[in-house]
Amino acid sequence: MRFFISSDIRKNSLLRLIIVFTVVFFIFLWLTSLLLYLEVGFSPQGVAEYYRGSEESFRQPKSYLGMLQEAHFHFFAMAIILVTLNHLLLFTGLKNEWKLVLIASSFVSALGDIISGWLIRYVSPVFAYLKIGSSLVLLTTLALLMIIVVWYLYSSQKTGYDK
């Protein structure tokens, strides 16, 4: 991480390559997440059925163990993804107010996305609205973070870190 301390991360071509390849993997994660959400659907009824099951469509409710395994992985994966993208965001020329909005919305929406499934399954199907909202905000903030980071790497814009 010593490369991130100075302002010249754009001048280190190997570091830029690592960041771009990392973002490429994050793009595939983003696309597969979108495809999974499209499979479930963005309707509250479809989301609730995914977690609570449906006799009409012969869908079983999500099991406690299945949800626990999924949450376990997602807490880890989202932490790594968000710390990476938000850390890189700090070096861009974006105003601090926007950085704060992106950082907070990315972490809060990721948490809402993970816990809303539990709330739908064990509390009420009304939490499907939280799942849909959190998912949309998360997908949007992840896309913005990736675009901003890659744009910064290849722009000539001066930042507060540039001397």
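For GluC sites (Glu not before Pro), the sites in region 40-134 that DSSP calls loop and that have at most 11 other Cβ atoms within 10 Å are Glu55, Glu56.
Summing charges over neighbours of Tyr122, with a neighbour being any other residue whose Cβ is under 11 Å away from its Cβ, gives +3 when K and R count +1 and D and E count -1. Cα gyration tensor of region 19-95, axes a ≥ b ≥ c as square roots of the eigenvalues: rounded (a/c below 1.5), prolate (a/b > b/c) or oblate? Prolate, since a/c reaches 1.5 and a/b exceeds b/c. Report summary: the helix-based calculation at 222 nm, which adds -39500 (n - 2.57) for every DSSP H run with n ≥ 4 and divides by the residues of the chain, gives -25000 deg cm²/dmol. For region 76-86, backbone phi angles converted through the Karplus equation (6.51, -1.76, 1.60; θ = phi - 60°) give residue-by-residue couplings of 5, 4, 5, 4, 5, 4, 6, 5, 5, 5, 5 Hz, Gly and Pro being listed as x. Restricting the trypsin sites (Lys or Arg not before Pro) of region 26-125 to loop positions (DSSP other than H, G, I, E, B) with no more than 13 neighbouring Cβ atoms within 10 Å leaves Lys95.
Relative to the dominant Cα principal axis of the chain, helix 96-122 is inclined by about 20°.
As a proxy for reagent exposure, Thr22, Thr32, Thr92 were ordered by neighbouring Cβ count within 10 angstrom, fewest first; the result is Thr32, Thr22, Thr92. Assuming charge only on the beta carbon of Lys and Arg (+1) and of Asp and Glu (-1), the dipole of the chain about its Cα centre is about 640 debye to the nearest 20.
Annotation for region 13-95: chymotrypsin sites (Phe, Trp or Tyr not before Pro) lying in DSSP loop with at most 14 further Cβ atoms inside 10 Å of their Cβ are Phe42, Phe58.
The ratio of the alpha-carbon radius of gyration of the chain to the globular-protein estimate 2.2 N^0.38 Å is 1.21. Normalising the average separation of contacting C-alpha pairs (under 8 angstrom, six or more residues apart) by the number of residues puts the relative contact order of the chain at 32 percent.
None of the figures in this text is laboratory data; all of them are computed from the coordinates on show. Please read all numbers here as calculations on a predicted model, not as lab measurements. Neighbour counts run over all protein chains shown; Cβ positions are idealised from the backbone, glycine included.
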